[in-house]
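First up is the structure itself, then whatever we jot down about it.
The values are calculated or read from the model by the stated rules, or taken from the named source; none is laboratory data. Source: prediction; values computed, not measured. Glycine also receives a Cβ, built like all others from the backbone with ideal geometry; neighbour counts cover every protein chain displayed. In case anyone asks, the SASA skips ligands and DNA or RNA and just uses the protein heavy atoms, side chains included. Shrake-Rupley method; radii C 1.70, N 1.55, O 1.52, S 1.80 Å.
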Amino acid sequence: AAVAAAVWAVTGWPVAGLWLGALAVWVPSLASKGRRRRDEMAVAAGVARLAAMLRDQVLVGADVAEAIRGCVAVAPAAIAAPVAEMAERLQVEEPGEVLATFAAQVDDPMAELLAVSLRFALTRRTAKLADLFDEVARATDEQVRTRRSIEKDRRRLRTAMWSVMIAVTAWLVVIYLL
């Protein structure tokens with residue numbers, strides 16, 4: 001509102017004031033959405049990588065608890081802290097609560113799928129753990145590819161929006177200067 005009033009006062013144009021006031025509100029929102037989506041994709045990619053690492057650990061003979069502990073040092077940066085906390089807490093606490101906390105901290109639907117898979121693996125004996133983690137890794141990779149494709153389309157739309165905003169602003173400046 002302050003920007004709109006200031007521009008209106010300086011130029012005497014209510015339209016210019018409204019336009020630049022709207023931009024002052026809208027531009028930070030547009031910029032933050034792109035960063036937030038990149039962070040979300042990094043988390044999803046981290047979950048996919050973690051599932052693949054768990055699969056690899058299980059394939060070489062580690063049990064699930066060992067596999068989780070083995071992933072702590074090499075966990076993707078976007079989820080490193082929740083993975084470390086999960087590994088530490090699993091040593092002394094009930095898996096259900098620990099894994100629910102992990103999923104909540106990571107805050108990604110695929111992390112919930114991984115947490116359910118981990119709980120299943122920790123509480124039941126099964127010979128196909130590697131297959132379970134492989135499926136989670138594949139599903140998460142597919143989710144990441146889909147999100148990247150959607151983000152690519154959104155990025156094109158945002159670029160077009162930025163172009164229109166710059167063109168309209170430049171047009172208003174040129175008209176004001178004439």
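Nonpolar atom fraction for the chain, defined as the carbon and sulfur part of the 1.4 Å probe accessible area, stands at 60 percent. Evaluating 6.51 cos²θ - 1.76 cosθ + 1.60 at θ = phi - 60° for every residue in region 3-8, the Karplus couplings come out as 5, 4, 5, 5, 5, 4 Hz, glycine and proline recorded as x. For the chain, the longest principal axis of the alpha carbon atoms and the long axis of helix 95-106 meet at an angle near 20°.
Please give the solvent-accessible surface of MET161 in Å², to the nearest 10, using a probe radius of 1.4 Å with every protein chain present. Surface open to solvent at MET161 totals about 50 Å².
Each residue of region 161-173 was assigned a 3J(HN,Hα) from its phi angle through the Karplus expression (A = 6.51, B = -1.76, C = 1.60, θ = phi - 60°), giving 5, 4, 4, 5, 4, 5, 5, 5, 5, 4, 4, 5, 5 Hz with x at Gly and Pro. In this structure the chain gives 59 Å² per residue of accessible area when probed at 1.4 Å with all protein chains present. Taking all Cα pairs closer than 8 Å and separated by 6 or more residues, the relative contact order of region 78-141 comes to 27 percent. Between region 21-72 and region 77-91, the alpha-carbon centres lie 13 Å apart. Averaging the Cα positions of each part gives two centres, and for region 1-15 and region 128-142 these lie 57 Å apart. Each residue of region 79-94 is assigned a 3J(HN,Hα), and the resulting list reads 10, 4, 5, x, 5, 4, 5, 4, 4, 5, 6, 5, 6, 10, 10, 5 Hz, derived from the Karplus form 6.51 cos²θ - 1.76 cosθ + 1.60 (θ = phi - 60°), x at Gly and Pro. Each Cα pair under 8 Å and six or more residues apart adds its sequence gap; the mean of these over the residue count of the chain is a relative contact order of 24 percent. Each Lys and Arg Cβ is given +1 and each Asp and Glu Cβ -1; about its Cα centre, region 1-125 then shows a dipole of about 440 debye. Here's the picture: charge each Lys and Arg Cβ at +1 and each Asp and Glu Cβ at -1 in the chain, and of ALA167, LEU18, LEU30 the one pushed furthest to the positive end of that dipole is ALA167. Taking the C-alpha atoms only, the angle from helix 109-123 to the longest principal axis of the chain is near 10 degrees. Each Cα pair under 8 Å and six or more residues apart adds its sequence gap; the mean of these over the residue count of region 17-104 is a relative contact order of 22 percent.
Going through (i) 13.0; (ii) 15.9; (iii) 11.3, the figure that equals mean projected area of the Cα convex hull in nm² as computed for the structure here is (i).
All other residues with a Cβ under 13 Å from the Cβ of LEU90 taken together, and with Lys, Arg as +1 and Asp, Glu as -1, what is their net charge? With Lys, Arg at +1 and Asp, Glu at -1, the neighbours total -4.
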